[in-house]
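The values are calculated or read from the model by the stated rules, or taken from the named source; none is laboratory data. Quantities reported herein were computed from a predicted structural model and do not represent experimental measurements. Here the Cβ positions follow ideal geometry from the backbone for every residue, glycine too, while neighbour counts run over all protein chains shown. These accessible areas exclude ligands, DNA and RNA; they are computed on the full protein's heavy atoms, side chains included. Shrake-Rupley method; radii C 1.70, N 1.55, O 1.52, S 1.80 Å.
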Amino acid sequence: MESARTYDAAAAQERWQQFWEADGTFVAADDGSRERRYVLDMFPYPSGDLHMGHAEAFVMGDIAARYWILRGFDVMHPIGWDSFGLPAENAAIARNAHPAEWTYANIETQVASFKRYGLSLDWTRRLHTSDPEYYRWTQWLFQLFHSRGLAYRKSSPVNWCPQDQTVLANEQVVQGACERCGAAVTKRNLTQWYFKITEYAQRLLDDMTALEGHWPDRVLAMQRNWIGRSEGAYVDFAVEGSADPVTVFTTRPDTLYGATFFVVAPDAALASAIVTDDQRAEFEAYLEKTRAASEIERQATDRPKTGVFLGRYATNPVNGEKLPVYAADYVLADYGTGAVMAVPAHDQRDLDFAQALGLPVRRVIDTGEPNPEETFVATSGDGTYVNSGELDGLTDKASGVARITEKLAEAGTGQSAITYRLRDWLLSRQRFWGCPIPIIHCADCGEVPVPEDQLPVTLPDLKGADLAPKGTSPLASEAAREWREVACPSCGGPAERDTDTMDTFVDSSWYYFRYCSPTDADAAFDVEAVKRWAPVDQYVGGVEHAILHLLYSRFFTKVIHDAGLIDFTEPFTNLMNQGQVTNGGKAMSKSLGNGVDLGEQIDLHGVDAIRTAIVFAGPPEDDIDWTAMSPSSTSKFLARAYRIATDVAAATPVGDAPGDIGVRKGTHASIAAITEAVEDQRYNVLVARIMELVNHTRKAIDAGPGAGDAAVREAAEFITQALSLVAPYLAEEMWELLGHAPSVARSTWPEADPALLVQESVTVVVQVAGKVRGKLELPADVTEADATAAALADEGVQRALAGREVAKVIVRLPKMVSIVPA
């Protein structure tokens, strides 16, 4: 029989939120009494209330944190907000307010929702990147990078969003559009601040070896591709109109004999410097067209090739041949030197350009494919060198590359080289709501860091129209003059503060250190606290951050290590990427009108049902579809689990401990299976195994030893502990019903008894012609031969065969024997 007592989700949520806060249940002790574990979720941006994406992402980290707490670890699971950013600035313009008003109001809304969602967070470590107490240390770290030669300023073409009126890093341009607002991105020449991440390119590659098996393979692949290591040679070309040789990088110096023209990016300084007066008007018109196109458009393989002759020639260093120099938009100014040697026979873009402008094509490698001089289809493979001087007849690519590189080196016109696709990190932003760059510009002293005792450089009180885009940072406006004009710290003369703010990815590249000592007023982080807690044991977040945030965080960690502040070089030991929550196979969005309101669903079904339904829907890394989930069904399952606790609590104990052996075996098999599922991060399997144990225990109560049996109580208690990972409010109620003092989070996760995991027998299903004809109870160590004999002797099998011969027997122990009649 089942108890009539029901579970009041809303009352339980209110009650246990208050208890956890008053009790400090999830506050890290940090007293050395237990081994430490650091669980971290990628912190949220305060754009509004929590949505389904938050619900999925944060429940995954919560499972890891709660499990480790039950395993006896001292767990730090902090929370904070990535609270600088352009959306707040845009909201402030629209509302004639300060960005802080919108930001901190949204944070408080999210705080209430996070607490309601039952997360095991240590609220004593809460931080906001827009607090002066935090960004003081962001500025301090900038100055650390600056002092080490890793922060510098230069003028270069940059991605410009005309709508947001700010610079974008290459990573923030998606298919030629601003990732935030969708506006078409253009190019602009600006003097900007950069971090020299390229200096760490090889280490970022090499250190990924230690992450293999701990980070998703696709994230590592994305980072390797983004860094883009290439081996080849630098080749120096003498170019008319240039006093110095022009250096290009090529991965195939062995094809130099096939170069028939030379191409320069129209927006590279070289093009403007060398173009002849006769060609300048045509070139400048072409340059304007180029600036109107995005990099994605310029790189598109199906884009018609165009260009303009610059009236100059370059000299090929291997054969002295004069190559006409063109400006063409398929070459980018910020890739390499902004110039390439064109070998059209073996590069399709060069071949398309040659065909469009009627330029010569010369094959220098015979790959066995049709001649590109005739087909206009480039051949990129290896083969026999032809038309290549001293390489003719050679078939080994490595030897060809080595010979030409050696020839270049001997002549002083080239050398072997390694380059990277990775560019330095552009961190300047022409907006207000960000961390000010702590540099003062003096006409006499140049760039002067703000003295450390004057940090933080706080933002002035600007709001509304003063923040509206005007092509420069709001900090460069008249409204900020008093803030901007200061005395030079070095000479005392008139000077100005830098008017750009930092990319918000700078704020999030070190926050995991700050959590270790979030209120430290004397340092960015307490070095000893970081030694105790870091690196992060489990990091959880979306794969969309594979390149930006994760790569930048790895870079920051290596620089901070090199400065002698920490003793590790990777910030996140293990990484889990959660998928998206979709609706009908489509991403939820306001524009599609297909969003599902998390708060409304919690009101309808309760937190536990929503959490459990999300976890059960699929593996953490997979996208899950809301339309395929059923919180109402999950509620019914949770009610069944709750009734087990009420039945056991109400029952009079019967029999001797430890109770029914069959029930105990089922429970300990579940302990082993659930433990394995959690350790392997197969959280959907965790829920499935709890469901199986609930059914097993229900049968034991209704048709077995009953609710008073000690083994049934053991099962009920483990169901409660396992459920606490996904349905914490229900689990707290169940734990109390079972007579334990709160919290279930302070209990100890049980170990499966190996003696109870030994199977004495197995149930083997027997099929004949694909239909089940019998079930055999056989010894657990049964052989295939004995299982076959037992199956053939079974009466039901004999009737199904009806005297027919057996063509084949397929044995799949311990599950099945399949008999195929002749």
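In the context of the full set of protein chains, segment 641-780 has a per residue accessible area of 41 Å² (1.4 Å probe). For segment 585-635, the solvent-accessible area with a 1.4 angstrom probe is 48 square angstrom per residue. For segment 218-287, a Kirkwood radius taken over Cα pairs fed into Stokes-Einstein (25 °C, viscosity 0.890 mPa s) yields D = 165 µm²/s. Taking the convex hull of the alpha carbon positions in segment 63-135 and averaging its projected area over all directions gives 5.9 nm².
Protein heavy-atom surface of segment 187-278, 1.4 angstrom probe: 46% of the accessible area is carbon and sulfur, with nucleic acids and ligands not counted.
For segment 407-553, rounded, prolate or oblate, judged on the Cα gyration tensor with a ≥ b ≥ c (square roots of eigenvalues), a/c < 1.5 rounded, else prolate if a/b > b/c? Note, shape of segment 407-553 comes out oblate.
Report the calculated FRET efficiency for Lys808 and Lys771 (r = Cβ-Cβ distance, R0 = 22 Å), to the nearest 0.05. Rounded to the nearest 0.05, the efficiency is 0.90. Among 307-317, 617-627, sorting by the average number of other beta carbon atoms lying within 10 angstrom of each residue, highest first, gives 307-317, 617-627.
Ordered by packing density, taken as the mean number of other Cβ atoms within 10 Å over each peptide's residues, highest first, how do 124-135, 796-807, 263-274 rank? Intermediate results must be reported in sequence, preceding the final value.
Numbers: 124-135: 19.1, 796-807: 12.6, 263-274: 22.2.
Per-residue Cβ counts within 10 Å, averaged per peptide and sorted highest first, yield 263-274, 124-135, 796-807.
Beta bridges per DSSP, both residues in the chain: antiparallel share near 75 percent. Take the Cα of His561, step 7 Å toward its Cβ, do the same at Ala785, and the gap between the two points is 5.8 nm. Backbone geometry of segment 551-558 corresponds, through the Karplus equation with coefficients 6.51, -1.76 and 1.60 at θ = phi - 60°, to 3J(HN,Hα) couplings of 5, 5, 5, 5, 4, 4, 4, 5 Hz, x marking Gly and Pro.
Taking the three principal axes of the alpha carbon atoms in segment 175-305, the coordinate ranges are 60, 43, 34 Å, sorted in descending order. Cα centroid separation, segment 487-502 to segment 15-93: 39 Å.
Per-peptide packing, taken as the mean over residues of other Cβ atoms within 10 Å, places 344-351, 574-581, 83-90 in the sequence 83-90, 344-351, 574-581 from highest down. Take the alpha carbon gyration tensor of the chain, find the square roots of its eigenvalues, order them as a ≥ b ≥ c, and report rounded if a/c is under 1.5; if not, report prolate when a/b exceeds b/c, else oblate. Verdict is oblate for the chain.
Look at where the Cα atoms of segment 615-690 and of segment 361-386 average out, and the two centres are 64 Å apart. Computed 3J(HN,Hα) for segment 145-150, one whole-Hz value per residue from the Karplus formula 6.51 cos²θ - 1.76 cosθ + 1.60 where θ = phi - 60°, is 4, 4, 5, 9, x, 9, glycine and proline marked x. Based on Cα atoms of segment 90-242, Rg over Rh with Rh as the Kirkwood radius reads 1.04.
Please compute the contact order of the chain in relative form: average sequence separation of alpha-carbon pairs under 8 Å and at least six residues apart, divided by the residue count, as a percent.
In percent, rounded to a whole number, it is 14.
With protein chains left intact and a 1.4 Å probe, residues in segment 275-353 average 44 Å² of accessible area per residue.
For segment 453-532, the fraction of C-alpha pairs farther apart than 19 angstrom is 56 percent.
For segment 602-749, which whole-number percentage of the solvent-accessible area (1.4 Å probe, protein heavy atoms only) is attributable to carbon and sulfur atoms? Walk me through the numbers on the way to the answer.
Working: 2690 of 5340 Å².
On segment 602-749, the fraction of accessible area on carbon and sulfur atoms equals 50 percent.
Apply the Karplus curve 6.51 cos²θ - 1.76 cosθ + 1.60, θ = phi - 60°, to the phi angles in segment 675-682 and return the couplings in whole Hz, x for Gly and Pro. Listing the rounded values in order: 4, 4, 4, 5, 4, 8, 6, 9 Hz.
Report in % the part of the accessible area of segment 472-569 that belongs to carbon and sulfur, leaving out ligands and nucleic acids; probe 1.4 Å. Summing carbon and sulfur atoms, their accessible area is 47 percent of the total for segment 472-569. Here r is the Cβ-Cβ distance between Asp30 and Glu321 and R0 is 45 Å; the resulting FRET efficiency, rounded to 0.05, is 0.05.
Taking other residues whose beta carbon is less than 10 angstrom from the beta carbon of Arg148, and scoring Lys, Arg as +1 and Asp, Glu as -1, yields -1. Checking the cross-link pairs Lys196/Lys407; Lys699/Lys775; Lys187/Lys305; Lys586/Lys771; Lys322/Lys407; Lys699/Lys808 against a 29 Å limit on the alpha carbon distance flags Lys196/Lys407; Lys586/Lys771; Lys699/Lys808 as lying beyond it.
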